[in-house]
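Reviewing the structure listed below.
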Amino acid sequence: MPINSFEFLILILYSWVLWYVYQSIVEELDQLTAIKMNQGQLQEQLESLGLAKQLTIQCGFSRTPLAEEMRTFTLIVANRLPEGSYLYVDWQRSTFRTFSGEVKRLFRIPRGQNLDLFEGQSLSIVAPGETLVEIVTLENCLMFDKESGYSIVSPIFRIPELKKARDRGMQFGVNVFFHEPARPEENKPDRFYAITCPFNIVKLPWQSAVYWRPKR
């Protein structure tokens, strides 16, 4: 039986809907991406410094980096050193290394205060057994306005840049500089640590897009 014009139109619309749904699924699966720290590389550094069990560093990034541009991230430092061993985070020396190897200044966002790039960043003290949580950005993400002062206007990474880095297996790094003050009573000198936290952009499995998980 020949197909009339109306049935042909319905067939075209149905095919278009199927194509649209398919493309939406493909795009959704392509966005299943996460920023993950290379724990192996970080642990190697901590072990070489004798800090494998004394220092914990974590960073919190957007859970959907290809869906929304990141302008800040969270830096978490836990001090597991013995009593009396304080750690200072030196923000002036801490940096951010991009995918291309370019080094940018890391900037801590002070709580309840205006951003000011003209003043040096004060040290953050982490007492033994305590955890420091700070929101940070990059200096080049900030813009100055005469009326409102500094504000965060640019993303740390553009979405196409993250996608390219994911597909090519590129890394970026957060370089945190620490100072452990001397303890003369224990004959311990000043110690300085420059620790790099390496990160990879990884594609997540399709199961991450659903709330259920297949039984094994």
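Only the coordinates and a few stated rules stand behind these numbers; no lab work does. Computed from a predicted model, the values in this text were never measured in an experiment. Positions of Cβ are generated from backbone atoms using ideal geometry, with glycine treated the same way; all protein chains shown enter the neighbour counts.
Ranked by the mean number of other Cβ atoms within 10 Å per residue, highest first, peptides 44-51, 155-162 order as 155-162, 44-51. Taking amide hydrogens as placed 1.01 Å from N in the peptide plane, the amide H of Leu66 sits under 5 Å from those of Thr33, each at least 5 positions away in sequence or on another chain.
Which of Asp190, Asp90 comes first, and how do the rest follow, when ranked by fewest Cβ neighbours within 10 Å? Present the calculation step by step, with values, prior to reporting the outcome.
Values: Asp190 9, Asp90 17.
Ranked by crowding around the Cβ, least crowded first: Asp190, Asp90.
When the listed pairs Lys104/Lys163; Lys36/Lys164; Lys163/Lys203 are checked against a 18 Å cut-off, the alpha-carbon distance exceeds it for Lys104/Lys163. Ordering Gly149, Phe61, Ile201 by the projection of their Cα atoms onto the charge dipole of region 31-203, which places +1 on the Cβ of Lys and Arg and -1 on the Cβ of Asp and Glu, puts Ile201 at the extreme positive end. In this structure the amide hydrogen of Gln171, modeled in the peptide plane, comes within under 5 Å of no amide hydrogen from residues 5 or more places off or on another chain.
3J(HN,Hα) along region 96-101, derived from phi through the Karplus expression 6.51 cos²θ - 1.76 cosθ + 1.60 where θ = phi - 60°, amounts to 10, 9, 7, 4, 8, x Hz, with x in place of Gly and Pro.
With the cut-off at under 19 Å, measuring from each backbone N in region 165-189 to a point 7 Å along the Cα-to-Cβ line of Asn38 picks out 165-177.
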